[in-house]
Amino acid sequence: MCPLSYREKKRKETAYHEAGHIFMLALFNHRVTDSHIREVQNGEIKFEGETNYSPCIDLTSIKDLLDKRTFACIAFAGSSAEDKFIGCKDDCGMSIFDGGLDDWIQYQTLRLKKGSHKPLLELTNKIIDEHWPLVSELAEALYQSGSLNSQEIEAILNAKISTCPASKYLQIKRSQYEHHLRNIKLELFKKSD
């Protein structure tokens with residue numbers, strides 16, 4: 001197998017980033033409508049990705065702490081998957097402070113203290129690690145086609161999860177991870193912040 005060109009490597013990293021978001025959204029019962037990666041024409045080799053879900057939620061309106069924690073994991077999932085793909089061994093997901101700036105802004109919108117990201121990032125890394133074959137399958141499909149719609153995503157999930165329907169498997173896993181999320185101690189910003 002030939003090594004990837006720099007352009008293709010960046011495209012694949014972006015596909016893995018978006019696949020992390022796709023998987024985490026599906027895990028936490030959000031219907032992904034579509035996901036795309038595209039090259040940005042600005043004189044350098046750079047790719048952007050976008051993953052849309054339904055119903056779209058205004059993160060500033062979330063009051064429930066479990067929902068805040070869930071969306072923090074969704075925000076971190078892209079950087080976690082991308083970092084794992086490029087070979088990160090420790091502190092996977094920390095690229096959210098670099099390339100995952102939009103994701104970091106989403107996390108900040110949840111109004112959790114900055115230091116509170118660590119246990120959520122650790123749980124996100126654990127989830128991505130445990131489901132790496134699924135995340136990789138989604139990423140490779142997105143890399144090959146440049147976009148995935150909800151039916152394609154569902155077909156990939158159903159094909160990779162052969163023990164039971166994907167929706168049932170994800171429901172079981174979701175309840176396990178929600179238990180972990182409930183037990184993470186986090187602080188909210190004070191109203192004056």
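Figures for the structure shown
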quantity	calculated
Options 124, 60, 109; residue that is closer than 30 Å to residue 155 by Cα, touching a helix residue (DSSP H, G or I) at 6+ places or on another chain (Cβ under 7 Å) and either at pLDDT below 80 or polar (S, T, N, Q) (or both)	124
Total residues in the stretch 69-106, condition open to solvent by less than 20 Å² (accessible area, probe 1.4 Å), modelled with pLDDT of 85 or more and either of a type in the set (D, E, K, R) or farther than 20 Å from residue 13 by Cα (or both)	5
Test: residue in the stretch 23-32 that is open to solvent by less than 40 Å² (accessible area, probe 1.4 Å) and of a type in the set (D, E, K, R)	no
Identity of the residue in the stretch 150-175, polar (S, T, N, Q) and assigned to a helix (DSSP H, G or I), that ends up most open to solvent (accessible area, probe 1.4 Å)	151
Checking residue 64 against (1) within 25 Å of residue 129 (Cβ to Cβ); (2) open to solvent by 60 Å² or more (accessible area, probe 1.4 Å), the condition it does not meet	(1)
Given (1) closer than 30 Å to residue 182 by Cβ; (2) over 12 Å from the mean Cα position of the chain (by Cα), index of the condition residue 22 fails	(2)
Pick from the stretch 138-166, criterion at pLDDT 85 or above and of a type in the set (Ser, Thr, Tyr), ranking: farthest from the chain's Cα centre (by Cα)	145
Condition check for residue 39: open to solvent by less than 60 Å² (accessible area, probe 1.4 Å) and part of a strand (DSSP E or B)	yes
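The values are calculated or read from the model by the stated rules, or taken from the named source; none is laboratory data. Quick caveat, the model's predicted, so the values are computed rather than measured. Here Cβ is always computed from backbone atoms with ideal geometry, including for glycine, and neighbour counts include all displayed protein chains. Side chains included, ligands, DNA and RNA excluded: accessible areas come from the protein's heavy atoms. Shrake-Rupley method; radii C 1.70, N 1.55, O 1.52, S 1.80 Å.
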